[in-house]
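Structure first, then comments.
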Amino acid sequence: MSVRASQTSPIRDETPFAILALVGGAVAMGISPIFVRFADVGPFASALWRVALALPVLWLWARLDERAAPGGSASPETAARHGGIVSVVLAGLLFAGDLTFWHLSILHTSVANATFLAVLAPVWVVLGSGMFLGETVERRLVAGLALCLLGAAALIGGSLAFRPDQVLGDLYGLVTSFFFGAYFIAMRRARRAYGTGRAIFASTLVTAAVLAAEALAVEPQILPASAGGLAAVLALALVSQAGGQGLLAYALGHLPAAFSSLVMFIEALAGAFFGWAILSEAVGPLQFAGAAAIFAGIAIARPRRAA
């Protein structure tokens, strides 16, 4: 990773729309724990339905993307240059790992610890951006990352505590952050090769295959047992997966991966907001201070338009 002072290249006119897409994706993924809470299936089954039920929508997106592209789809040369199929498969495997270890973390440690450790993903993205994507990480982005991490810690508040009996769950949370950070990098490469629609659909196929094997192996109940449970997994698929991951994949085609990962701290903010609004979870001054620090960090790190 190389870090330098602000010598910023021009950013494109699509950038404001990409940032809006990124924020929308973060909010859509931030509400996913609420849907999981109301789904009457186990954690691995809910993860499976999240990706499997989103596939028809993502397939339609991929087809529309192909028709809109000048050549119908990415050329074989473009796909090969960006490691197309390898990046797509890797993105799918990494997202499956992210969901798997996230649920394992929730089962073996506190939700606060699992959440804080999972949002360490931008650290891995910043470290990997220069190495795998050739993107220069500027000093202001590192400063923004530091502020966002402080904000995330404040957002969790007094619930964050490390105990010897939760070490395994905490380790799972740290592994979750690594998988999600690596997913960012792989999806950016896959999106370069195939475009948003095809990349997110193909990678989700891989994720669904892995999660199906896991759910069938460990879950006693795969199908939702009530109408409410079915509605919850449908919302998880359409809002959090098709909406959230789709918007994230689009934004990664227009924004640096490291900055995009910082905006994903808004996912933690959204989770806190929905927990307060729907589940009556407490929100106090410390959480507001954390939210302010996250917004300040994102503002410091945002891409600059050339003079």
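FYI, it's all coordinate maths here, none of it is from the lab. Since the model is a prediction, treat every value here as computed from it, not as a measurement. All Cβ positions, even for glycine, are placed from backbone atoms using ideal geometry, and neighbour counts span all protein chains on display.
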Q. For Leu234, are the conditions met, namely being more than 14 Å from the chain's Cα centre (by Cα), touching a residue at least 12 places away in the same chain (Cβ under 8 Å) and closer than 24 Å to Gly275 by Cβ?
A. yes
Q.
So Ala212 passes all but one of these: (1) under 29 Å from Leu145 (Cα atoms); (2) surrounded by fewer than 23 Cβ atoms within 10 Å (Cβ to Cβ). Which condition number does it fail?
A. (1)
Q. Are any residues in the stretch 183-192 of a type outside the set (Val, Ile, Thr) and buried (at least 24 other Cβ atoms within 10 Å of the Cβ), and if so, which ones?
A. Tyr183, Phe184, Ala186, Met187, Arg188, Ala190, Arg191
